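Trainee: After the structure tokens below, expect a handful of questions from me.
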Amino acid sequence: MPPKSRFTRLDAFTKTVEDARIRTTSGGIVTIVSLIVVLVLAWGEWADYRRVVIHPELIVDKGRGERMEIHLNITFPRVPCELLTLDVMDVSGEQQHGVQHGVSKVRLRPQSEGGGEIDSKALSLHDAEETATHLDPSYCGPCYGATAPHNAAKEGCCNTCDEVREAYAQSSWAFGKGEGVEQCEREHYAERLDEQRHEGCRIEGGLRVNKVVGNFHIAPGRSFSNGNMHVHDLKNYWETPVAGGHSFSHVIHAMRFGPQLPEDFHKKLGNKHLPWTNHHLNPLDGMKQETDDPNYNYMYFVKIVPTSYLPLGWESKYSGSDREDHSAPLGNFGHVSDGSVETHQYSVTSHKRSLAGGDDAAEGHQERLHSKGGIPGVFFSYDISPMKVINREERAKTFLGFLAGLCAAVGGTLTVAAAVDRGLFEGATRLRKLRSKDL
């Protein structure tokens, strides 16, 4: 017998000799079952370790000088594209009249003909179709008392009807159909407008704005500033040969502020429709409003919450530089090189009223009174929250947590199995003793 060491008395795992061990059938069955349970629990621990979860955080947004993109897709079935103007304004004083970058107007057939697409045209001044290439190179069209637009194809001249309209807008003058304007009569502007009177229009695309409180709206006629007032030339909207006039019935197919979150993001949140799993939803998508009143105004008040999506392992790719690439093309803004996404969620409330004033007695709210006046159209007023939501991808547990869970699963299973085996063995022993007494 080998000599005892000083650690012998500390042994908590006492052993029995082989001759004192008894093997039973029930013990073999319990052993097999316990091994299966251990394998299942070990696989569950491994799957839990590999699982990626989304941890939301709320912080104060300390970004400065940032910009954001607005992506929209709105159909107006009863207003032709020739009459619609998109304007953007913000509290920083930046006004973008007639936004002409990244937005397209799609002409639609009348609703009676199915509303199919006729053609699509990007909102860009001086494209190939609008340039008067057939004129004498020395030709310099008059601006009829207005100052030539700064972006005219030929400096100091108004060679196209669109340039005359732009000059009138910059001078805060109403334009109408261009009666007596040589360029518009040459391009048959009035005739083209009357031909499109029964058409609809879809405005789609994106624009980049300052990340401050502001608004954008879609209204009829060219816009211009008259003192401190923002005014639209509504003459062509009112004087229409269409029976009943135009109206601003509309369908908002899509409206988002910033890029859409990755498709697999909301899959990781689960399929349950819970309040905290709607990060990928845009509340204005699918919004439909109908009216026969041409003097109608729709307003949407939007509360925007900046949101970041940080995928697993983004820290290793983080460069430490500015996360916003202002030179990125429209549509790619918000997608960062480290794989993260800078976007925005929003909530919205809506309000609609007739420009003639009155109350909402027809809707059961006689106490609700509306003021008179205004501009017909669809207006979006947005406010930026000072808080920011960060959705961070993380492992459900660390590797040490996985090892601890694995040890707990194995140890717990074997302990329970030993207790079950001991109970079966003791029960079988007592039964044998009772039977032997009966015999």
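Trainee: What helices (runs of 4 or more DSSP H) completely inside region 142-255 contain at least 2 residues that are under 21 Å from Arg78 (Cβ atoms)?
Mentor: Hits in region 142-255: 189-195, 235-238.
Trainee: With the condition kept exactly as written, say whether any residue in region 372-395 is loosely packed, with under 11 Cβ neighbours inside 10 Å and over 30 Å from Gly339 (Cα atoms).
Mentor: yes
Trainee: Have a look at Phe380, Phe399, Phe333 and point out the one that is modelled with pLDDT of 85 or more and farther than 30 Å from Pro77 by Cβ.
Mentor: Just one listed residue meets the conditions, Phe399.
Trainee: Something else: Take region 285-328 and flag every residue that is polar (S, T, N, Q) and modelled with pLDDT under 75.
Mentor: The answer is Ser316, Ser319, Ser321, Ser327.
Trainee: Also: Here is a list of conditions, (1) within 24 Å of Phe216 (Cα to Cα); (2) modelled with pLDDT under 90; (3) part of a strand (DSSP E or B), and Asn282 meets all of them except one; can you say which number that is?
Mentor: Result: Asn282 passes all but (3).
Trainee: Which residues, taken from region 211-244, are farther than 21 Å from Val164 by Cβ, open to solvent by less than 30 Å² (accessible area, probe 1.4 Å) and at pLDDT 80 or above?
Mentor: Once the filter is applied, which keeps residues that are farther than 21 Å from Val164 by Cβ, open to solvent by less than 30 Å² (accessible area, probe 1.4 Å) and at pLDDT 80 or above, region 211-244 yields Gly214, Phe216, His217, Ile218.
Trainee: Looking only at region 66-75, decide whether some residue is under 30 Å from Arg208 (Cβ atoms), modelled with pLDDT under 80 and surrounded by 14 or more Cβ atoms within 10 Å (Cβ to Cβ).
Mentor: Yes: region 66-75 contains one or more residues that are under 30 Å from Arg208 (Cβ atoms), modelled with pLDDT under 80 and surrounded by 14 or more Cβ atoms within 10 Å (Cβ to Cβ).
Trainee: Can you name the residue in region 78-127 that is modelled with pLDDT of 85 or more, open to solvent by 30 Å² or more (accessible area, probe 1.4 Å) and part of a loop (DSSP other than H, G, I, E, B) and, of all such residues, is farthest from Tyr298 (Cα to Cα)?
Mentor: Here the residue is Arg109.
Trainee: Here is a follow-up. Within the set of pairs 6 or more residues apart or between chains, which connect a residue that is open to solvent by less than 50 Å² (accessible area, probe 1.4 Å) inside region 275-291 to a residue that is modelled with pLDDT of 90 or more and assigned to a loop (DSSP other than H, G, I, E, B) with Cβ atoms less than 7 Å apart?
Mentor: Listed by first residue and then by second, the contacts come to Gln289/Ser249; Thr291/Phe248; Thr291/Ser249.
Trainee: While we're looking at this one, here's another question. Considering only residues that are open to solvent by less than 70 Å² (accessible area, probe 1.4 Å), in a helix (DSSP H, G or I), in contact (Cβ under 8 Å) with a residue 60 or more places away in the chain and of a type in the set (A, V, I, L, M, F, W, C), which ones fall in region 30-65?
Mentor: Val30, Val37, Val38, Ala42
Trainee: Suppose the filter is in contact with a Lys or Arg (Cβ under 9 Å, 6 or more places away or on another chain) and either more than 23 Å from Phe379 (Cα to Cα) or at pLDDT 80 or above (or both); does Glu199 pass it?
Mentor: yes
Trainee: Moving on. If you go through region 152-169, how many residues are more than 11 Å from Gln183 (Cα to Cα) and in contact with a helix residue (DSSP H, G or I) (Cβ under 8 Å, 6 or more places away or on another chain)?
Mentor: 3
Trainee: In addition: Could you figure out which of (1) open to solvent by 70 Å² or more (accessible area, probe 1.4 Å); (2) farther than 30 Å from Trp314 by Cβ isn't true of Leu400?
Mentor: (2)
Trainee: For a quick check of your reading of the model, give me the residue pairs whose first member lies in region 329-355 and is more than 21 Å from Met255 (Cβ to Cβ), whose second is among the small types (Gly, Ala, Ser) and open to solvent by less than 20 Å² (accessible area, probe 1.4 Å), with beta-carbon atoms closer than 7 Å and at least 6 apart or on different chains.
Mentor: The qualifying pairs are Ser340/Ser308.
The values are calculated or read from the model by the stated rules, or taken from the named source; none is laboratory data. These numbers come from a predicted model, not from an experiment. Virtual Cβ from ideal backbone geometry, glycine too; neighbours counted across all protein chains shown. Surface areas here come from the heavy atoms of the whole protein model, side chains and all, with no ligands, DNA or RNA. Shrake-Rupley method; radii C 1.70, N 1.55, O 1.52, S 1.80 Å.
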